[in-house]
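Rule-based calculations on the coordinates, nothing more; no lab input. This is a predicted model, so every value here is computed, not measured. Glycine also receives a Cβ, built like all others from the backbone with ideal geometry; neighbour counts cover every protein chain displayed.
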Amino acid sequence: MISWPVARATAREKLRAASTVAIGVCFVAGAAFESGGAGDVYGGFSGIFFVLLTLALGAGILSDELASGHAQLVLLRPVTRAAWLGGRLAGAGIALSIVAAAGFLVAAGAGAVRGHAFALPSLAVLPLGLLWGFAWLAVLVAAGAVLPGWSNAGAVVLAAVAWNAIRFSLPAVAQHPEWAKPLAQIAGYLGPQDPRPLAAHLRDGLGPALYDVTWVFFAWLVAALLFNRRELARRGP
């Protein structure tokens, strides 16, 4: 359930945002410098800026519209809350796709200028990376259904920091090195899985890709259920 007018408006809004422009420029520039030869299955698509871009696009994805009162006006029309949520998610995904595709093409061009043959497996990095990013956007939408402001992104980052602190910093864990492997396996299921390193072996990457698809639908369903129970503030005349 997606409201495409909402999706188009969201994509324009996100692409014009200063944070998207700044991180997007860094992402594209990083892709140009990181692009490697035929063995580089990432194709310059491995930098931290992709993660930051996803967080920037998902931060405040619902609260910005709710705080301004624009969401309340849109929902007075024959648009369901679920369709509005889907439109916001799809719009952020479109913005992510445009920036990521630009970085991917720049990486391919930079590699060609350097005389590197672009690796065929690298072609799979773009859709796999976008699926991973879109799954995290869905998680941010679910968190944004109940959290104010940009705290949805903050909550995701804080949860990741807390989990890594448990895995690597607690004395009890350090005293039991045999816990490392089970904890690493558990970590792989606490959020969407990154299938990009498996681009060279697509059959092996099918599992993480399907897991990310499940996260997209599950997170959107949770977001719709939570948001349907939320009372929206009424705006005065």
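Of all the C-alpha pairs in the stretch 67-110, what % are more than 14 Å from each other? Walk me through the intermediate numbers first.
Details: 596 of 946 pairs.
Tail of the P(r) past 14 Å holds 63 percent of the pairs.
Simple spin-label model, 7 Å along Cα-to-Cβ: R167 to R12 in nm?
Placing both labels 7 Å beyond Cα along the Cβ direction yields 4.2 nm.
Could you give the nm distance between label points at V25 and L158, where each point is 7 Å from its Cα heading toward the beta carbon?
Distance between the two pseudo-spin positions: 3.2 nm.
Using mean Cβ contacts within 10 Å as the protection proxy, how do 70-80, 139-149 order, highest first? List each step's numbers first, then the result.
On the way: 70-80: 13.3, 139-149: 21.7.
With the highest mean Cβ count within 10 Å placed first, the list reads 139-149, 70-80.
May I ask you to sort E231, E65, E13 by Cβ crowding, counting other Cβ atoms within 10 Å and putting the fewest first?
Numbers: E231 5, E65 21, E13 18.
Ranked by crowding around the Cβ, least crowded first: E231, E13, E65.
Tell me, what is the FRET efficiency for V74 and K181 to the nearest 0.05, using R0 = 45 angstrom and their Cβ-Cβ distance as r? Can you show the working numbers first?
Values: r = 48 Å, r/R0 = 1.08.
Efficiency, rounded to the nearest 0.05: 0.40.
Arrange Y211, Y189 by Cβ neighbour counts within 10 Å, fewest through most, would you?
Numbers: Y211 17, Y189 9.
Going from sparsest to densest Cβ surroundings: Y189, Y211.
Quick one: net charge of R8's neighbours, Cβ under 12 Å, K/R +1, D/E -1?
Numbers: positive: R12, K14, R88; negative: E13.
Result for the neighbourhood of R8: +2.
Using a Förster distance of 45 angstrom, determine the FRET efficiency expected from the C-beta separation of A102 and E231, and round it to 0.05. Don't jump to the answer; show the numbers that get you there.
On the way: r = 40 Å, r/R0 = 0.89.
Given R0 = 45 Å and the Cβ-Cβ separation, E is 0.65.
Would you list K181, K14 from fewest to most Cβ contacts within 10 Å? Please report the intermediate quantities before stating the final value.
Numbers: K181 9, K14 24.
Least crowded to most crowded, the residues run K181, K14.
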